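Below is one structure, written out as structure tokens, with a few remarks after it.
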Amino acid sequence: MTGLVILIIVLAGAGVVIMQQSKARGGWGIGAWRGTHCPRCGTRLPMIRKPASSEQMLWGGWTCPNCGCKVDKYGREVTS
């Protein structure tokens, strides 16, 4: 019983952290729910994405098929 209560508290805490990071557009947040557009050329990026790098695979994001712009999971251009 105690283990179940601890598990529920941990999961609730993780949910709070994810929601706060999403509002702040932090690394651990959830990205664009309805898809996004390329900030350079305005091309709609696909909902189902194919990661072009290990960073995109781990943290989300796209590479625009039209202009090659790298975009994070919130639709902001990534500069390296």
Among residues of the range 41-80, those that are crowded, with 17+ Cβ neighbours inside 10 Å and within 12 Å of the chain's Cα centre (by Cα), counted: 9
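Rundown of residues vs (1) within 24 Å of M19 (Cβ to Cβ); (2) at pLDDT below 85; (3) not in a loop (DSSP other than H, G, I, E, B), yes/no style:
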position	(1), (2), (3)
G42	no, no, no
A52	no, no, no
Q56	yes, no, yes
N66	no, no, no
K73	yes, yes, no
S80	no, yes, no
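The values are calculated or read from the model by the stated rules, or taken from the named source; none is laboratory data. Note that the coordinates shown come from a computational prediction; the quantities given were computed from them, not determined experimentally. Here Cβ is always computed from backbone atoms with ideal geometry, including for glycine, and neighbour counts include all displayed protein chains.
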